[in-house]
Structures are given as structure tokens and as C-alpha cells.
Amino acid sequence: MATEIQEIDLKTDEMIINMGPQHPATHGVLRLLLTLDGETVKHTEPVLGHLHRGQEWQGQNRTWFQYQALIDRVDYLSGMFTSWAMARACEEIDGTVVPPRAEYLRVMVSEMNRITSHLLWLGTYLIDLGAMFGFPFYPFREREKLFDLFEEIAGQRMMFNYIRIGGVVRDPKPEWLDKLKRFLDEFPDRIDEYETIVTQNPIFLKRTKDVGILTQAVAKDYGVTGPCIRSSGIPLDLRRTKPYSVYPELKFDVITFDKEGDTWDRYMARILEMRQSIEIIRQCIDKLPSGDIMGKKQMAGMRIKAGEGFSAVESPRGILGCYVISGGGEKALRFRWRNPSFCNLAILPELLKGCPLSDIMAIFGSIDVILPDVDR
Amino acid sequence: MSQGNMSTSAKPNTNPVVPEEIRDSVSISSIDFMIDALGQMLSPVLSPVANLARSNSVWPMTFGTSCCAIEMISVGMSAFDISRFGSEVFRATPRQADMIITAGTITRKMAPALITLYEQMPEPKYVIAMGACTITGGMFNDSYSVVQGVDRIIPVDVFLPGCPPRPEGILDALLKLQQKIRTENYADRRKKLYAQTSVRKVDYDTGRPLEDLIGVVQEDTNAALSSGQEAIGDVAKGISPKAEEAKTVATKPVAPKVEVAKPEVTSPEAKKVENTKDEAAEKADDKSV
Amino acid sequence: MFSNGDEIFKISRLTIVWLAGIFTIVWMVCWGLGIALPMLLTSQLGDKAALTNEILRAATPVIAILVFIPINAMFMVLIERRALALWTVRKGPNRVGPDGNFQTAADAVKLLLKEDITPTGADAVMHTFAPILFFAPSVFGAVPLLAAVTNNHPLFHVLNLPTGIFFVLAAGALPVVALVMAGWASNNKYSLVGGLRSAAQAISYEIPLVLSLITVCLMAGTLDLVKITEQQAGGILNWNLLGGGALTGLNNALAGGGAKALATSYFMGPISYVCAGLLVISLIISFWLYLTGACAEINRIPFDLPEAESELVSGYNTEYSGMKFAIFFLAEFTNLFVVSSITTVMFLGGGDNPIPPYILNNIPGIPQMVAAIRDSYFCSTLHIINPETFFATLWVIAKVYGLVIFAVLIRGTLPRFRIDQLMAFGWKRLIPLSLIVFIIVVFAREFVICHG
Amino acid sequence: MTDEKPSEAEKPEEKKAEAAKPEAAKPADAAKPADAAKPAAPAAAAPKPAAKAPEPVIPATAGKFEQFLKEHGIPSERLPLSLTIETIAVSGDVLQSALRLLRNSSEVQLDLLLTVSGVESNDTFDSVYHLWSYSNLDELVIKVLVKKSDVPEGDLPAVPSIANFWSAANWHERETYDLMGIRYANHPYMRRILNPWDWEGYPLRRDYKQLVDSLNDKNPHSMR
Amino acid sequence: MANLISRAFGGLNEVRRGLATVFKHTFREPITKNYPDEMPDLAPHFRGRLALTVNPETGDHLCISCKQCERVCPDKCIEITSHKSPETNKLELIDFKIDHGLCMFCGLCTEVCPTLCIINTNDFEMADYSRESLIYDLKKLTLSQDESAFYFDRKEMPLPKPKPAKPAPAAAAGAAAKPADAKPADAKPADAKPADADAKTVEVKKPEIKDDAKPEVKTEEAKADAKPEPKAETKPEAKTDEPKADEPKA
């Protein structure tokens, strides 16, 4: 009487959901074509380019002097880094020597910018995870303070145009440094506060622990950089591994985790990076030498020697590279950005495979992608 | 013109006042006509109340593409606190939003989505063009892929220059929008729904406008401005010259994908993806041969 | 500490103004319909008015609730916005009217005057009925609570069902259907996912929720809301939150019964004391279970998956605009209010004063004040104020809005669950826990004389 | 700038046809700078010295990686372009094996592909690979030069794709295809990534002509 | 089991800590800036609306129509009309248009300006109802003498030396502004009202800024020529030197 028990799968159908380009969790205009089985993601196809503004094209059609003012928009959350990458590339070609004071100022403002970038990430990440009415306001509060400092030194809140080829554009006043110090003194307490609310929160842990595990092999295959790969255990931090500017003179360690990183590690890496940045800025303030801030006079009709150069800086999202080919004229022959977001985003389909729908936000948010940085 | 007449005669039940292009997002019943007529009557009484309420609860949509979006978030945050003006209720879905702040560059690829979002919003809807990119294209005004001003594709109420504007600037724009709302006439605003033709469709796959409508739209808006009074009577009769003009302007709506897409629309879209993929592959093959 | 005194003062002022306004209006309606009008009619018509009076008495609570719910929801939205503003170091809506008092009124008017869209492909009938069906149960559900929260005011006797809590729970289970309807009828995938999520979630969390309430009913020995409230009278130790009456003996002892009262209640000696302790713990767990389940039931953070804004755009109400959306909005907050009221009635002693009478009556001035109110013109002649109901209502308001504020605080802090974690949490944690608590209570109550 | 000037005059339809054929557009383009006097001239003139200018410093010895590749039988040629980073050119045929080797060999471990970029110089289309390492400080730039004269009329320059064994290259190659019009043979998904899918032309090419339609008016001096 | 219970309590405790931390904010003062009621105190180098200064002492227009700003502008949002005056054989400014809808406020024009004429003011309230009203003409751009003084002081720019040979375009500006002014008004009758309203608000705002600055301005002006003020020791006038260096080149 033993009848064969036939396993009949419940008939299910795949559903294609189209997330974006306007979706609250896609941080702008990414479009994800998701193939869902129930709530499980089968396949993801990111559709980019909804913010493709032709930044590289612009670089070839603007003079050096003009394009400098534009490039903060490449990665608007860390404009200092884009400026810095371009400035370094051009200085490399041109052989410009940047005065030490300018280098220290660059490090300082960049680390400040790293803090603002991570703060914004923290706020929006918690929004992605659903805590949208209370916590996200706190990181933004501190961000405003930094923005006030930026505004004083660079003239605008986000589009700084501060780091120029050959140096920086404005020397801060002593009061500015005092304000910065005051901020640095109170900021660690604020981070503690964030951590009280978030880090060990059981729901947050559930949402992030063992979610979106990025293995080293995959990360290397896709060329992932930045906090994402450091939290996966590869100590790639340009500031240490390939030190540029005055980073060799500053004391700090690369933040890495031993194991393969999940979403929570990526969160933790950024929190630790903020704390690290505080220390770096403190050291910079202490060591800030006096002197000139501009190595080479900036002029409207400046020219860069013919040649090509590639320079990279460690932006909050990873290695931000700038590949410049100059023909010796007023304009570049080719500008090419190596954007960390673009490269990091490529792992998204890999990470999303088999995840529930809700994890898309947790994972996508944790990669920290800025869409103009992807689309340029 | 003739096209419009034809379709009205063919489908007598369909309300002729609604332009073809927005029919999929709007359904109008005879009640609406009654309300319309009522609105005309009550407008002097209703307008102040409605405007006061509307101006004080302008719910923006979370639409942000780039840098300006960050400032748009900032303005909702503690330091600037748009909630003081009742606008902190950022709605993710266009159906519940009153205002769209086009925060950030609108590219040719993004334009169809923006248009769809705009059309999905219920009346009364307002647009703040925020930042240089959306007003004129700004620093990308010579770029190949940027729409040089959202006013080319959707009607804009307030222009807010800056790159990005300070959050206070957004508050300033909001206050100016509130001022504008307060001077509106309730009946006129209702009527404008039907005169709303200045949306220009953009093809998602090629990034080009479906029809080059510069001249036509100009005439149309001029007509709308000048023939305000006659239109009221026409609306009551159920025939609107503007609607017919609109027909000539209107093109078959493509359904560019945004997240609020309906299921049936999505799957064809996905198919389209496949198709275009094949096409692209073919094209590439052709070229290689 | 009070560097923010200004804002706190403003928000308290706003709260007091609104609450006074709401309850004055509602009570005026009740009094006018239920007391003044019948009095007038009787004096004019005599016996002929009997039928009219009956109808009026029956209609009064319903009309009162219908008046109450929209205003109250407006207030709750406002207080939520203001409270969140307070906790996020900003100011919140403060432009419309003094202190921004009429912000939500403006929102409501705007939503009413907004275009109402039925998307193409949507099932228009379902699409229209879903918000109504969502809203209606919160009205039904609130009705039996009226008698309980007003300390059994004669005006609301008519609503006093013997199976009150079951009716409330049954009404509370209904909105799920509406959400699935809304999700399905919208012709939008996000809506659909939202609707289905809400169904799954509501069904899962209904069980611990009901089990925790059954625990309370078991302790009380009745399903009648009024009786449950009355049992808990007499101070915080009598509340169901603390042992569902297991501490009544202690209360009696403190009230003057001494060791004798203790011996009566805890007749088994040490075993009784242990059981009383167990009961206290169990009921506290039940209370927590109820709050959790209720949070999930009404889709509040951290269980707001059906309308998870960062995932599903707006979930089941993605395609709703204008007035239909307003009804959803209204019903959400009404549900929160209803749930808070149930918690108050079932666990927090309804309108009971947390300070026991034997302490309260010894405070100079209080008895005199009560007496003065009782003898006043309003009370004795016009029947505007009923002293029992008056203070009970004040306490109910404090407790209910306290819970509402707590829900807002939770909303301001916690992220949201993932759907599978939510289900796992419900089925693997909450349901076993509620069953354990239930079984403990079943046995432990045999060794303690509760409410007695 | 050079591209804009003529594009104003032309109808979009004509331009469309031209954009597909880089070769055809070339003579027309070359003729233009003569009449488009002011801003166009320096821009057009600039490229020429760039390519011609002989770099002063050419290291006499072959670079580390050139040597390494030679040992493994892969021919490469040192380019005198960058002073700091070793730049070599390999032919398209050996690109895949060269990259595989550089990536996997335990000696060099150039396992971080930073970017794949397309460059159009005067007579070549270059596909440029920036290689770094996760574990050491080595840097290498590999270029694949495709002569414009070798590209058939109406066709795109082709370079073998490495996306099949190196996922990092996937999107970069798509992007290069999209913007520069270099087709990567055997790429798993060779479609436009940034621009709309049916976009006409390759924006970063010198002969690219922009769309002129109602979404823009290509007059830099118009204040509308 | 014990593990489970301890984890549950640990979790609840963490939630409690989170709630308490959020609740603690009840007693913190809101950081909200009262924007429409009080204007924000912006940094002197904030890059707001572009404007043209006049000589704070003499009231002469500072623009010499060198068109450097027009050339450097990445957005091409500046349009200068000038002609060679037949008498003095010098360039004379006819009209100066800036499209603020196009401008990206990068401040490059202010950096290259040899006479410190074009500056970024601290004004950011430029929102308007029509696209055309964002194109500011000479009249709308030119600051008053007081405002110029305020910004010269605020940005620590050296006061211009009174040049006797200056073509004094103020009068010409007034005349030239008229046709330019009329044009947008004609083109957009519908928007005339809002535009006016905007203009009004701008004018209303201005005095506010001036009020608190007035006293400083006077003191600064008194010792205007002794420019290396106590403040300026760390700031070696890098910004101001720069355009000067550019001037001969142009």
C-alpha cells in the first residue's frame, strides 16, 4: 500500500518588481529590476545612468580652471576628495610642489568631509532600515556644524571648490581652528550617543548581522575598495598602504576586521573611521605648519604640461581615482574618473542573490553608494 | 483638432474634458462636473479656506536625484526644520504629495520618470525647480545628456537658483510657493487640471522628446492664458477647445518606469527590456559585420 | 536640565488646549443628546418622550464617538509630530494658528479638497471600500470601551456588552481584510506586497495578543470590560499589570487589614507568595506581549512592514490619494488610540487612580475637593459633571495619551524588522511565551485569592 | 566646442547619421576649425602637440612588468607617457593572457583592476587598464591601442573583453562602450550602461555631435 | 534557555537605553534656526547671489568691462555689453546680465575680477516665479554704496583706489538699464506681479543686514587705507593679490 508520495511544489510565479528610479531607498535614481520569488530576490539588474550628466565630457570641454569648480559634483558628499584627486593628478603631471601647510589643510578638510559623508550615510542608512523619525536627525545635527565650518572656509556648504591645483584657496583663521577643536571635543560624545541607540539595538543587529556577507574573493574580483573591503578583512587604505600627502606623518591605523564583513561590520567600520578622522584632524591642527597655501598661482588661463597622470585618494567610499591626459593646453584631452561607488555598486547583484526584499535596503545602504559618483 | 473630435464622438461616455494623456491617471465622473459647477459657485467662499489649508500643508515628495537632494534632506532635518511650515511629511508616493521639488539634475534618462511622477500626483500639484541644473541645466547646460531645465518638460511654479541652494533658500522658495497658493482661485485651479498640457513626453530608450513641441506648447499655453473666461462655459458644456488642442499636442503616453508602476505595465516593460537588449545586440552585430 | 523649557511649555500648552477642546466638545455633545435633551423633552412632553429618549440614549455614544474620532486623530497626529520634533531637537509645526495648533486641521482640509485618483486597472469598488472597511472597525471597537473608560457612566450603559473584550478584539481583527483589499485593488505590486504582509503579520500577532488578553480575563474571571475595570479599582496594586489582582491581599493589608488580610488572600502560605510573585511576573510579561502584539496589529514601527516607506514606497496605501488616504491616516491613529484604551482598561486599571484611596483620602484637601465638586451646581442639577466619571476620565486620558506618547517614542527610536524575522519573532518567541505565561497563570491563580 | 559649432547648424537627423560613422565625419570636422575661429581653434590645436611631443625621459631599462611579461612570452612595449607609473602597450590578442597572468601569478599579484578607460587619441583608440594590487604597492598601466585606420568603415574598434574572468571590468567595459564606442568582444552584456539604451553616438568621441531638440538649445550664449 | 533569557533581557535593555537616549533629547534646546524671522549669520565668504559693487566712497561703478568674468564663467551665465566710448577711448559698460538660474555659484568670476567689482553677496533668497526674472540686469545687480561698503568690509577686500580717470559708468548704467529692464517686463506680463513682490522682499531684507553692520562699516572706513587690520594677520590677502596678478595678463 506504500503509495509514492509525490512532492508537488506549490506553483509560484516570479514577479518582476521595478525599484526606482524614484524610490525612497535607492538614494537617488538607481533603478533595480528585481526578479522576486515571493519576497526573495532571484535576480537583480541595476540600471544606471539616470544621473549621467557627462562629467567626463565636461572635463574635456572646460578649461582646467573651470573644471575644478565643477568636480565637487562628481561625488557631492565628498567634494574635497574629488577636488583633491584631480588636483593631485594635475600636480603629478605638472610637477607642482604643494606647500606643506596646504597639504595639512587638505588632509584636515578632507577628513572633515569624510566625517560629514559618513554622518549622512549613517542617517540615511537608518532611514533605510526604518528608523526614519528619530535617529537620523542626530547625525545631521553634527553635520550642520561641520557644514558651518566648511562654509566659512570654502564658501559653500557642499560644493567647496576649495582644494585647487597647487594648493588650497583660503587660509583658515585661528577662530576657525578653535571652532573645529570645539567640535572635535564634543563629537566623540555624540558618536557614543549614536552607538547607544544603534549599535547593540537588537532589531538593528537582526537586520544587519550576517546579512550581505562580502567575501574577500568576490570583493577582490569586483575591485571593491573603501570601508566595504576593509570590513571584509583586506587592509587596503590608501592613506596607509600607499600614503600620499602628509599621511605618513600622521599616526593612525587601518581599520580592518578579521572575518568576512557583513552589513554590521560595514556600519562599524564607518563609525570607527569617524573616530579615526577625529584623531587625524587633531594631529593636523597640532602639526599645522605656517607658510604659503598655494604652490602655483591659479590663473584663469592656466595650462598643464602635456602628459598623463593617474592619482587616487581614499575617499569615504573607496579609492577615488582621476586619470588625466593633458595635451599641454587649456583643456584636458581626457578626463577619466575611477569612482568607488561605480565599482562597489557592481557587487550589488552578487550580494542580493537570495535575499529577502527588505534586505535590499540594508545591503544597498551599507555599500554607501552615491549616484552621481556612479553615473557621473 | 480633428483627432480630438473623432475620439470624443467615438467614445461619448468618456469625458471629453480630460486630455488623453492624463486619462490613465485621472478618472472623472459626473460628480466631478457637479463639483466643478459647485466650485465655480463657491469659489469666493471656498478659495480662502482651501488656499489657507493647502498653503500650510504642502507635502513634498521625496524626489531627489543629486546634490540638491541632500540639501532637501537637510532642510527637513533639525537645523532648518521644514516642519515648522507643515511640510515635513515627505511622502514617498506621488499620490499623496502636493509638491515635487526637482532636487537635482534631470537627465534625459530620468525625464520620463519625472514626467510620470508629475502626472501621478493629484491636483493641486506644485513644482519647485531647485538648483541650477533643473532651472537651466546649470553647469551641465552644454552636456549631451541633461535636460536643460525642467520647465521644458513640466510646468514649474517656483524657480530656486543656487548650486545647491542653501536650505534656507528652500524655505524661502516654499514660502514664496505658499504665497502663490494663497492667491489662487479654487475654481481656476480645478480647471487647470484639464488645461494641463504642458507636459512633454520623453522617450525612455532614446532620451529624446517624443515630439518636438516647442511651437505647439507655446500656442497652447497662450491660448490657455487668454481664453480663461470662455473655457469656463465650455467646461460646463463638456467641450473644451483646450482639450482638443491638447489632443494635437498629446502623444501616446509611454509608460516610463517608476516605482509606482502597475503590474501589467511592469511586465511589458520587462519584456521591453528584453527586446531592447536583443535589439542592441543585433545592432552591435550589424555593426560588426 | 531644562534648557528646553520653552518648547516643553509650548507642547504642554498645546496638549492641554487640544485635550480640553476635544473632551469639552465631545462631552457637550453627549450631555446635550443624552441628558439635556431628554430632560427637556420629558419636562415638556412627559411620557410621550420615552421612545425618543430611548433612541437618543442609544444614539448618544455612537455620535459621540463619531465626533470624537476625527478630532482626536488630528490631535494625535499633531502631538506625534510635535513630540518627534521635541526628541529630534527641532521645533515642529508651529505656524498654523497659535503654537501650530491647527496644523493638522489644515492637512485634513487639504486632503479633503485634493483630487481623488483611482488608478487605471484598479478595482474601483474595492479601492473605494477598503479605507471605509479599515476605518469602520475602529469605530465599532471603540464603542464598548466607552463604558469602561468612563467608569460606567449611566449614559453609556447601553453599550456595556457582557463579552466586551471579545467584541473589541473581533472588531480589531477586521481591518486586515481592508488592507488586503486595498493592496489588491490598487493594481500596484508594492501595494499588493504591503497588503499581503499586513495579512501575514496581523494573523501571526493576533495570537499572542489574544492570549495575553485571555490571561487577564482569566484572572478577572469575566469578559465584561466594565467589570474588569471595576475589579482593578483601589490603587496600583490592584491593577492587572501587577498580578491581575494577586497583590490585592497586600493592598488590603496595607489598607489596614494587616496580617489577617494577608492570610486570607495568600491562604497557602509560602506557596501562595511564590505564586503571587509568578503572577506578577506573568502579567507584566503579558502586558509587554500585548503591547508588542498591538504594535504589530496596528502597523506601528518597528512592525510597520505593510507600509514600510523605504521598501514598499508606502505599502498598501501607495495608490491612495486625497480623502481615501486621509481615511487611512485617520484610521491608523484611531487604531493606536483604541489599542491604548484597551491597554488602559485591561492592564492599567481604567480610570483608577494609581494612588490607593487609603493614602489619597489622608491627603488634606482631596476629599473636600471631591465633595465640593459633587455638591456643585453643575454636578447636582445640570448633571454636567459626574464626580466618579470626571476623575476617572482624567486618569484615562493621562494613561491613554501616555501610551500614545510611548508609541511615538518607540517610533522615534527603533528600526523596523524584516518580514521573516518578524514572523519568526512572532511564532517562535511570542506565541510560546504567551502560552507559557497562560499556563503559569492557570495554575498559579489557584493558590492566590485574586481581587478579593 | 569643436563639435558644438557645426551641430547648431545641422538638423538632428543628419547628425544622427554622421555620428554612427566616425570616419565619415572626420574630414568635415577637420575643415570646421578654420571658420569657427575663436574658441574652437585652441581646443582643436591642442591635441596635436600632445601626441607628437616626444617625452624627454624614457627609461633605458625595461620596466619590471615588461620584463615579467617577456619572461612569460607575452610581447609588450613600453610607452613613454607617464613618468611615475609604468605604462606598457600590449596587443589585443594577448591582452587576456597578460591580464590573467598579472593577476594570478604569485610574483606580481596585480589583482586590483582600478578602471578600464577608453581614450581617443589622434590616430588610435586606446583601452587603458589601470592595475593595482591589494597586497603590494605595484602599479601598472596597460594600453591596448587600436589604430583608427584598422577599424573598418562604420564599425567600432574592438578589444577582447576581460569581463568573463574579471568581474570588475564588466561595468567599466560597458561604460567605455557607451561613452567611447570601443566594443569589447565576447563581453557578456555589451549594452549601454549610462546613456539611454537607444542613444545615438558615442559622447566622448571627438566627432560626436549632440542632439539638438526641445530639451536643450545648444547655444552657450543663449540665456533663453 | 538561560542564554535565550539573558539575550532577551540584554536586548530589552538595549532598547531601553536607546529609548532613554532619545528621550533625553526632550531637555535639549532645539538647534533650529529661526530662518524667516531672523536671517542666518553667514560666513563672509559665502557664495551667494552675484552682485556688482560700486566704490563705497565715491559711488563709482567698479566694472571696467574687461570681460574676464564672462570668459572664465564655466556656465556662460554672464553677458556683458560694452562699447568703446568715443571720448575717452575706454570701454564703457552698457549692460551686465547674470542669469542666476544658470549660475552655479562657483565664485570663479569673483576670483578673476581685477577691480573686485563682481562679488558673491550673502543673499540667497533668489527664488522666483518665472525663469526670466532670474536674469538680473545691471540695475538689479548693482549694489548701493552702503551695501558695497558692507561687503568690502565683510570680505576684507582692499578698498578701490579712487581713480580719477574712471569712466564713471554709473550714469551710463542708469540709462542703459532702462531698455534692459523693460524687456522682461514686456515679455512676461503674467509674472510681473510676483516679480515685483520678490523685488520688494529683497529690498526689505537688505536693510536688516545693513543695520547690524553699519557701525562696523563706519569704523572700518575711517581707517580704510590702513588695511592690514588686527584681524588680518593670518590672512595674508591671498585672495586679493591674486586677481591683481591676473590683471596685466588680460
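The values are calculated or read from the model by the stated rules, or taken from the named source; none is laboratory data. All figures in this text were calculated on a predicted structure; none of them were measured in a lab. Cβ placement follows ideal geometry from the backbone for every residue including glycine, while neighbour counts extend to all protein chains displayed.
No other residue among C:G256, C:G244, C:G293 is modelled with pLDDT under 80 and touching a Leu at 6+ places or on another chain (Cβ under 6 Å) apart from C:G244. A:E56 meets the conditions (1) facing another protein chain (nearest Cβ under 7 Å); (2) within 25 Å of the chain's Cα centre (by Cα); (3) closer than 30 Å to C:Y190 by Cα in every case but one. The failed one is (3). Name the single residue, out of those in segment C:236-287 being more than 24 Å from the chain's Cα centre (by Cα) and of a type in the set (S, T, Y), that is farthest from C:R445 (Cα to Cα). Among those residues, the one meeting the criterion is C:T264.
Rundown of residues vs (1) in a helix (DSSP H, G or I); (2) within 14 Å of chain C (Cβ to nearest Cβ); (3) at pLDDT 85 or above, yes/no style:
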{"position": "B:V127", "(1), (2), (3)": "no, no, yes"}
{"position": "B:M139", "(1), (2), (3)": "yes, no, no"}
{"position": "B:S143", "(1), (2), (3)": "no, no, no"}
{"position": "B:D151", "(1), (2), (3)": "yes, no, no"}
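Starting from segment C:113-135, keep only residues that are closer than 24 Å to B:V58 by Cα, then list their pairs with residues that are modelled with pLDDT under 80 whose Cβ atoms are within a distance under 6 Å, requiring at least 6 positions of separation or different chains. Hits for this filter: C:E115/B:E123; C:T118/B:S27. Within segment A:243-267, the set of residues being closer than 26 Å to A:Q283 by Cβ and assigned to a loop (DSSP other than H, G, I, E, B) comprises A:P243, A:Y244, A:S245, A:V246, A:L250, A:K251, A:F252, A:D253, A:V254, A:I255, A:T256, A:F257.
I want to confirm something. Restricting to segment D:110-151 and keeping residues that are over 18 Å from D:E175 (Cα atoms) and charged (D, E, K, R), which single residue is nearest to the other protein chains (Cβ to nearest Cβ)? Filtering first and then ranking leaves D:D111. Evaluated against (1) at pLDDT below 85; (2) under 20 Å from the mean Cα position of the chain (by Cα); (3) farther than 28 Å from E:C109 by Cβ, A:R73 falls short on exactly one condition, (3).
Does E:D123 satisfy being surrounded by fewer than 24 Cβ atoms within 10 Å (Cβ to Cβ), more than 18 Å from the chain's Cα centre (by Cα) and closer than 30 Å to B:P164 by Cβ? Here the answer is no, as E:D123 does not meet what is asked. When segment A:349-361 is filtered for residues that are outside any loop (DSSP other than H, G, I, E, B) and among the small types (G, A, S), only A:S358 remains.
The conditions are (1) buried (at least 19 other Cβ atoms within 10 Å of the Cβ); (2) under 24 Å from the mean Cα position of the chain (by Cα), and E:P40 fails exactly one of them. Which is it? Only one criterion in (1) buried (at least 19 other Cβ atoms within 10 Å of the Cβ); (2) under 24 Å from the mean Cα position of the chain (by Cα) is unmet by E:P40, namely (1). The residues listed here are E:V112, E:V22, E:V15; of these, the one that is among the aliphatic types (A, V, I, L, M) and in contact with a Phe, Trp or Tyr (Cβ under 6 Å, 6 or more places away or on another chain) is E:V22.
For segment B:61-70, filtered to residues that are under 24 Å from E:P40 (Cα atoms) and touching a strand residue (DSSP E or B) at 6+ places or on another chain (Cβ under 7 Å), the residue that is farthest from the other protein chains (Cβ to nearest Cβ) is B:C68.
Annotation: of all residues in segment C:93-107 being free of Cβ contacts under 8 Å to residues at least 24 places away in the same chain and part of a loop (DSSP other than H, G, I, E, B), the one that is surrounded by the fewest Cβ atoms within 10 Å (Cβ to Cβ) is C:G97. The numbered conditions (1) within 8 Å of another protein chain (Cβ to nearest Cβ); (2) surrounded by fewer than 24 Cβ atoms within 10 Å (Cβ to Cβ) are all true for C:K110 except (2). What about A:R170, is it within 10 Å of another protein chain (Cβ to nearest Cβ), surrounded by fewer than 24 Cβ atoms within 10 Å (Cβ to Cβ) and touching a Gly at 6+ places or on another chain (Cβ under 9 Å)? For A:R170, the condition - within 10 Å of another protein chain (Cβ to nearest Cβ), surrounded by fewer than 24 Cβ atoms within 10 Å (Cβ to Cβ) and touching a Gly at 6+ places or on another chain (Cβ under 9 Å) - is met. Scanning segment C:138-159 turns up no residue that is small (G, A, S), crowded, with 21+ Cβ neighbours inside 10 Å and within 14 Å of another protein chain (Cβ to nearest Cβ). Being at pLDDT 85 or above and either of a type in the set (S, T, Y) or surrounded by 24 or more Cβ atoms within 10 Å (Cβ to Cβ) (or both) narrows it down to one of C:S265, C:S282, so name that one. Only one candidate qualifies: C:S282. For segment E:83-95, filtered to residues that are without any contact (Cβ under 8 Å) to a residue 12 or more places away in the chain and part of a loop (DSSP other than H, G, I, E, B), the residue that is nearest to the other protein chains (Cβ to nearest Cβ) is E:N89.
All told, C:G277 meets the bar of being at pLDDT 80 or above and part of a helix (DSSP H, G or I). Evaluate segment B:84-97: report whether one residue or more is surrounded by 24 or more Cβ atoms within 10 Å (Cβ to Cβ), within 21 Å of B:K180 (Cα to Cα) and either in contact with a Phe, Trp or Tyr (Cβ under 6 Å, 6 or more places away or on another chain) or facing chain A (nearest Cβ under 7 Å) (or both). Yes, the conditions are met somewhere in segment B:84-97. Report whether or not A:R275 is in contact (Cβ under 8 Å) with a residue 12 or more places away in the chain and either crowded, with 22+ Cβ neighbours inside 10 Å or within 14 Å of chain D (Cβ to nearest Cβ) (or both). Here the answer is no, as A:R275 does not meet what is asked. Among the candidates E:I80, E:I98, the residue that is free of Cβ contacts under 8 Å to residues at least 24 places away in the same chain and within 19 Å of the chain's Cα centre (by Cα) is uniquely E:I80. Within segment A:310-351, can you find the residues that are at positive phi and at pLDDT below 85? Once the filter is applied, which keeps residues that are at positive phi and at pLDDT below 85, segment A:310-351 yields only A:G328.
Would you call A:A269 facing another protein chain (nearest Cβ under 9 Å) and farther than 21 Å from A:L48 by Cβ? Taking the combined requirement at face value, the residue does not satisfy it. Being within 18 Å of A:D171 (Cβ to Cβ), over 20 Å from the mean Cα position of the chain (by Cα) and of a type in the set (D, E, K, R) is a description that does not apply to A:E92. What pairs come up if the first residue lies in segment C:295-315 and is free of Cβ contacts under 8 Å to residues at least 12 places away in the same chain, the second is among the β-branched types (V, I, T) and not in a loop (DSSP other than H, G, I, E, B), and their beta carbons are under 8 Å apart, counting only those six or more places apart or on different chains? From residues that are free of Cβ contacts under 8 Å to residues at least 12 places away in the same chain, the pairs are C:S310/A:I127; C:E311/A:I360.
Summed over segment A:14-65, residues that are under 30 Å from B:D142 (Cβ atoms), in a loop (DSSP other than H, G, I, E, B) and hydrophobic (A, V, I, L, M, F, W, C) total 4. Given E:C69, E:C103, which one is closer than 27 Å to E:A149 by Cβ, within 14 Å of chain A (Cβ to nearest Cβ), part of a loop (DSSP other than H, G, I, E, B) and not aliphatic (A, V, I, L, M)? Just a single option satisfies the conditions, and that option is E:C103.
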